[in-house]
Amino acid sequence: MPHEVRPNGNLIVTVRMTLQPGRDDDLIALVQMAPRGRLAAMVREAIRSGTISRKDIFSTSKETDLDLSALALEI
């Protein structure tokens with residue numbers, strides 16, 4: 001299926017993933033804690049940095065991070 005490119009240059013990519021408990025626990029936690037409408041932004045941040053801060057998601061003072069560096073994602 002071809003990707004959609006919007007007039008402003010944004011590339012729309014649809015991805016379907018199967019996440020396995022025990023192997024993908026960090027990603028499962030990311031998906032489960034994502035507020036409605038924020039999942040794509042959180043996945044982009046996780047891919048870019050390898051981690052995502054719960055502080056950034058919920059605007060709280062918690063310093064708890066999800067470590068996604070072991071996922072070996074290739075971009």
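The values are calculated or read from the model by the stated rules, or taken from the named source; none is laboratory data. Quick caveat: nothing in here was measured; it's all calculated off a predicted structure. Glycine gets a Cβ as well: all are built from the backbone with ideal geometry, and neighbour counts include every protein chain shown.
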Go through region 1-24 residue by residue and tally those that are part of a loop (DSSP other than H, G, I, E, B) and either touching a Phe, Trp or Tyr at 6+ places or on another chain (Cβ under 6 Å) or of a type in the set (Asp, Glu) (or both).
1
Conditions (1) surrounded by fewer than 10 Cβ atoms within 10 Å (Cβ to Cβ); (2) among the aliphatic types (A, V, I, L, M); (3) at pLDDT below 85: number failed by Leu66
(1)
